[in-house]
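Below: the structure, in C-alpha cells.
The values are calculated or read from the model by the stated rules, or taken from the named source; none is laboratory data. Everything numeric in this text was worked out from a predicted model, so none of it was measured. Methodologically, a virtual Cβ is constructed for each residue, glycine included, from the backbone with ideal geometry; neighbour enumeration extends over all protein chains shown. We work out accessible area using only protein heavy atoms, side chains counted, and drop any ligands, DNA or RNA first. Shrake-Rupley method; radii C 1.70, N 1.55, O 1.52, S 1.80 Å.
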Amino acid sequence: MNRRGQVLIVVLVGGVVCVALWACVRGMALSALSVGEVTAVVEGDRPGTVVVETVREDRAAAWRVDDTGEVVEWLEGDGGGSGTPQSQHCQGDVCYRVAGDALRVEQSRDGGATFTPAWEVGGASYIGLSGEYPDLGDPALHLSSRSLVVHAVPGGHVIFVANGRDGLLFRDVHGDWQRRGVPDSGEGCCFYDPPARIGGSALTVLAVTVGAATATAILLTGLVTAARRRHWRELPVVAALAVAGGVGAGLVAPLADVGMFPGWMYSVPAVLAIAAGGCLLVRWLTTTALAPARGSAPSGEVPHRTGAQDDDA
C-alpha cells in the first residue's frame, strides 16, 4: 500500500474512533439523565428526615432523605411522608419559597414580608440546561422548583427543594446549595442519578487544553517537517488530523456522572487516549507521512548521483 493509502486509513480510523468514543460516553450520560423526576418533597415520618417523591418511567416512588442530604431508604406504599407539598416554609423569621415555574428559590428574613433570590438557574444557563434533558416537555412544568421543606439543625437550617428533572436541591447548614439529582437504588441501597452539568467544569477546561495542545502539536509538526523536506501535498490531511484530535478531546469531556460512577471515569481515559494518539501521530508524521518517497528528492532539488552513475554518464 502506498503512503497516501496509509494516510487515508489513519484519517478514517481516527475519525471513527473519535465519533465512537463520543457516542459511547455521551449515550451513557444521557441514559442517566433521562429517567427520573423529583415531583415533591414533604416532611418525613421520622425526625430529621424528609420524603422525596419521584416519578421514573411513569412509576411513582418515594425515598427517605436525612438532614445531611443523603438518601437512606427506599419507601414502599404511600412513602411515609406527612402533610402536603408546600411552596413556602419558614423557621422563625427566616422563610423560603419556590417559583413554581422556574428553577428559583427566594429568601425572606422578615417573616415573609419581602423576598430576595437565594438560588437560581436562569437566562442562558437555564436554556442550556433544559436542552440537556431528553424529552423534557414543558420546562416550566418539568424543570422548575415546585415544593420545599426547611429544617432547623444545630448551627442553622437545611433546605430541601423539589426541582423536577433536575432532581433534589439541597442547602446545607453552611449555606452551600447542592444539586443532588434524582434518588435511585442499586448495590448498597441508594444513591443519586446526578443532574446535568451547568456550563463548564474543571474537566472540560482540562480536556479543551489537552485537545488544543494535541491539535497544535500535530499541526506544527506537520508544518515544520513539510517545510524542512519541502513536501507539502499531505498538509491538508495533517490539518484534518489536528482538528479531529482537538475536537475529539473536547467532545468526550463535558459529561455528567453516570449512576454511581463519576463522569471523569469515562472522560479522563478517553482524553488521555486522544493525547497518546496525538503523540503517536506526531511521530508518524515525522517518520512516514511527510517523508519524501524512497528514491525521490524533495521538490526543487536534483537527485544526488553515485560515483557509478557519474562514470556511466
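General remarks:
- Each Cα pair under 8 Å and six or more residues apart adds its separation to the average, and for the stretch 62-129 the resulting relative contact order is 18 percent.
- The stretch 68-194, relative contact order in percent, only Cα pairs under 8 angstrom and at least six apart counted: 21 percent
- Surface composition of the stretch 70-171: carbon and sulfur make up 48 percent of the accessible area, probe 1.4 Å.
- Looking at the stretch 125-197, the accessible area is 38 square angstrom per residue; that uses a 1.4 Å probe and ignores ligands, DNA and RNA.
- Karplus-based coupling profile of the stretch 270-280, in residue order and whole Hz: 5, 5, 5, 5, 5, 5, 5, x, x, 4, 5, with θ = phi - 60° in 6.51 cos²θ - 1.76 cosθ + 1.60 and x standing for Gly or Pro.
- Interchain or long-range residues, amide H under 5 Å from Leu75's placed H: Ala62, Trp63, Arg64
- Sequence-distant residues sharing a close amide H with Ser145 (under 5 Å, placed H): Ala99, Gly100, Asp101, Ala102, Leu103, Arg104
- Descending by average beta-carbon neighbour count within 10 Å, the peptides 240-246, 115-121 line up as 240-246, 115-121, the highest first.
- Unit Cα scatterers, Debye sum, the stretch 39-110: log10 I(q)/I(0) for q = 0.11, 0.16, 0.21, 0.27 Å⁻¹: -0.31, -0.64, -1.00, -1.23
- Rg in Å to one decimal, and Dmax rounded to a whole Å, for the stretch 117-230 via C-alpha atoms: 21.7, 75
- Taking amide H as placed 1.01 Å from N in the peptide plane, the amide H of Thr49 sits under 5 Å from that of Gly44, each at least 5 places away or on another chain.
- From phi via Karplus (6.51, -1.76, 1.60), per-residue ³J(HN,Hα) for the stretch 140-155 in Hz, x at Gly/Pro: 5, 9, 9, 9, 8, 7, 10, 8, 8, 9, 10, 10, 7, 9, x, x
- Largest to smallest accessible area among Trp74, Trp177 [probe 1.4 Å]: Trp74, Trp177
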